[in-house]
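**Student:** One structure, pasted below without further comment.
Just so it is clear, none of the values below were taken in a lab; they were calculated from the coordinates. Only a predicted model underlies this, so the values are computations on that prediction, with no experimental measurement involved. We place every Cβ from the backbone using ideal geometry, glycine too, and count neighbours over all the protein chains shown.
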């Protein structure tokens, strides 16, 4: 500031302004001296401009200060005193604000250096990609695993798998799945996990990549040891309904160890026979396909999508579930609309439904529920959207400590269980483009929801 004291500077300028105004009036109207009057008027204008500029200096300085903060520049020196208490309070507030920004900036830089150091030393590969597919940051482990460097383009990842760049670039927050395994030319199995953040209106994809070859190899050895239990579990799920329905149908046509006469056959018996034979044929075909595909390196069969009447499929699986011991004592509550058509694989979806229904009946029997109830619900929340199937029972709830493990292969709490049913159901639903979820919102119930999404 030019003047040390604010009030003195303002008083001087206002006094000078009044004096020049009086002088100009006196010269124009009393002395009628036009030239000197014009000079006095010009001086009056200059003093008025200087007064306005004097007040604008502080406003301009505050503007510079705010622009400096916006540009992360905290080096602007703030005056210590202006001669005005109110303005000095503003200066002190801005000084505290400037110190706070300087301290925050230092902390951010320190934290950034810390996180960069942690990321660079991480045993997990980490890198980020912008919307154009350029690598922004990458740590040494990721460079070693995928062969990328900063500013490289994602297309280089085609050396690992042609589908990998597209998998990463097309990922969004709502995408399913958010992780996938790809094998590189050295035989390493690489797990890619994706997430997305928005920075300055730009979507940045964060990718974590790790070598899980050894982990998969160890699990593969364990899986081969338990393979026979897997086959036994799935075979029994299909053979039990076939055996039971065969005995039921046989009972229609034989009494007291003799075959009934043709005249005793009723249309209702024929209808029930045809319905039962359809279930037997479906289970037999599903069993044959399943065993055949397990024989081929234990891989699940590829889904064969076709338009399926889900309402009828549920009815057939409920009929097949009648072979489970204790099923007759269970009360069935259904909310199944007629003729909901959806593209899926009927055989694979039946594997999942059979397993869930069987588990529900076993839980109700084991829990010795007074009034055992099994609920099955089918609905489509929105037109042309996903279809959901819920299977719930009022038997014992799954304890919280094991809820996260129920879909892990070979994990079981049953004495004679194989730990295959739910994990296999999970794999099947994922292969169908959907998912199976444990619904924990219903208290006093064990509820699973099957989500079927339309495949592209």
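**Student:** Applying a 10 Å radius around every beta-carbon, put 305-316, 393-404 in order of their mean neighbour count, most first.
**Tutor:** Details: 305-316: 16.8, 393-404: 14.6.
With the highest mean Cβ count within 10 Å placed first, the list reads 305-316, 393-404.
**Student:** When the Kirkwood hydrodynamic radius is evaluated over all pairs of different C-alpha atoms of region 155-196, what value in angstrom, to one decimal, is obtained?
**Tutor:** Working: mean 1/r = 0.0930 Å⁻¹.
Evaluated over region 155-196, this radius sits at 10.7 Å.
**Student:** Quick check: residue separation of residue 116 and residue 162 times 0.36 nm, minus the Cα distance between them. What number comes out in nm? If you can, show how the numbers build up before the last one.
**Tutor:** Numbers: separation 46, 0.36 × 46 = 16.56 nm, distance 3.04 nm.
Extra length available between residue 116 and residue 162 comes to 13.5 nm.
**Student:** Return the Cα extents of region 331-399 along principal axes one, two and three, sorted largest first, each rounded to a whole Å.
**Tutor:** Its Cα atoms span 40, 23, 21 Å along the three principal axes.
**Student:** If you stretched the chain out fully between residue 56 and residue 405, how much longer would it get, using 0.36 nm times the residue separation minus the C-alpha to C-alpha distance? Could the numbers behind the result be given before it?
**Tutor:** Values: separation 349, 0.36 × 349 = 125.64 nm, distance 6.90 nm.
Fully extending the segment from residue 56 to residue 405 adds 118.7 nm.
**Student:** Another one. Quick check: residue separation of residue 200 and residue 185 times 0.36 nm, minus the Cα distance between them. What number comes out in nm?
**Tutor:** Numbers: separation 15, 0.36 × 15 = 5.40 nm, distance 3.72 nm.
Between residue 200 and residue 185, full extension yields an extra 1.7 nm.
**Student:** Using a Förster distance of 22 angstrom, determine the FRET efficiency expected from the C-beta separation of residue 271 and residue 307, and round it to 0.05.
**Tutor:** On the way: r = 24 Å, r/R0 = 1.11.
Result of the calculation: an efficiency of 0.35.
**Student:** Compute the normalised compactness of region 123-213: alpha-carbon radius of gyration over 2.2 N^0.38 Å, N being the residue count. Each step should come with its number before you reach the end.
**Tutor:** Numbers: Rg = 12.1 Å, N = 91, 2.2 N^0.38 = 12.2 Å.
Against the compact-globule rule of thumb, the ratio is 0.99.
**Student:** Using 7 Å Cα-to-Cβ label points, what is the residue 215/residue 300 separation (nm, one decimal)?
**Tutor:** About 2.0 nm separates the two model spin labels.
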